[in-house]
Amino acid sequence: MKIVRTRAEVRAEVAATRGRGGLVGLVPTMGAFHEGHLSLIRQARAESDLVVVSLFVNPTQFGPNEDLAAYPRDEERDARLAEEAGADVLFAPPVDEVYPAGFATTVHVAGLTDVMCGASRGAQHFDGVATVVTKLFQIVAPDAAYFGQKDAQQVLVVRRLVRDLDIPVRIVACPIVREPDGLAMSSRNVYLDPAARQQATALNRALTAGADAVARGETRSEDVLGAARAVLTASGIDPEYLDLRSGDDLRTLDRVEESALLAVAARVGSARLIDNRILEVR
Ligand code: PAF
């Protein structure tokens, strides 16, 4: 696996594969790899001739009081894991390679970004994500790009921006990877002390309670949310949001319908965690 730092270098790698008629897969990441990231790289490996993994802790998607400085960074470990999972190129640019002096453009996806994490983290979060992802698509020009379904809202934002800006890339959303006790894998789980780690399992249990309510025949969003909220409350968690929305466009739903998304974000100990479930309606 090659580690490259500049746009010119990554473009040269991609051009060589394209010249042979090969397919290019991109896995955009901020590093601190866990099984979730590795599953994206493996999926890209299975479907591409060249797998590019970007590793860039994107400053513009962090709010002023968020964990940019503390975000876990270990490029050597990430490079080893990426290579083992099948990456060909690790694109790990410095900040000024992505945002050179005078950088003045923001990609804003309206509507989808006003709710859930957009409301709780502030507008800068998805503007930062949309801008850096657009740049990565311009730099790498992949055939397909791989994202984790844990960031369900991010996946919708990225799908919308490629549609609106006519970027010819296939967006692949890969399933959430969980710890044996159900906690969704996240780079931020390293912030959890043992007590918070135990408390954090309530997020997935709350989603399961919501899904179970639907399986029992509840269809009113209020009731499904009530079942999920009861689990959070019993675990001492006051969520930033617990929401039931359309998994297609995030409009609110009074009743559960096909592809309804039950999503939660909460501070647990010093970590901000998110999780979600697509509800099965019979
Ligand atoms: O999901 C992430 O790790 C980031 O939001 C992404 C897509 C790499 C953009 O910085």
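Here are the numbers for the structure shown:
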{"quantity": "Among the candidates Gln154, Gln149, residue that is near the ligand (Cβ under 9 Å from one of its atoms) and touching a helix residue (DSSP H, G or I) at 6+ places or on another chain (Cβ under 7 Å)", "calculated": "Gln154"}
{"quantity": "Members of the stretch 76-90 that are free of Cβ contacts under 8 Å to residues at least 60 places away in the same chain and either within 12 Å of the ligand (Cβ to nearest atom) or touching a strand residue (DSSP E or B) at 6+ places or on another chain (Cβ under 9 Å) (or both)", "calculated": "Asp78, Ala85, Gly86"}
{"quantity": "Residues satisfying the stated conditions in the stretch 46-75, i.e. part of a helix (DSSP H, G or I) and within 13 Å of the ligand (Cβ to nearest atom)", "calculated": "Pro59, Thr60, Gln61"}
{"quantity": "Residue satisfying condition, being more than 20 Å from the chain's Cα centre (by Cα), more than 30 Å from Val264 (Cα to Cα) and small (Gly, Ala, Ser), within set Ala101, Ala92, Ala87", "calculated": "Ala101"}
{"quantity": "Scope the stretch 19-45; condition without any contact (Cβ under 8 Å) to a residue 12 or more places away in the chain and either in contact with a strand residue (DSSP E or B) (Cβ under 6 Å, 6 or more places away or on another chain) or in a helix (DSSP H, G or I) (or both); matching residues", "calculated": "Gly19"}
{"quantity": "Filtered residues of the stretch 111-138 (kept if away from the ligand (no atom under 12 Å from the Cβ) and among the hydrophobic types (A, V, I, L, M, F, W, C))", "calculated": "Leu112, Val115, Met116, Ala119, Ala123"}
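Readers should treat all values here as calculations from the given coordinates under stated rules, not as data from a laboratory. Computed from a prediction, not measured in an experiment: that's the story for all the values here. Please note: Cβ atoms are built from the backbone with ideal geometry, for glycine as well, and neighbour counts cover all protein chains shown.
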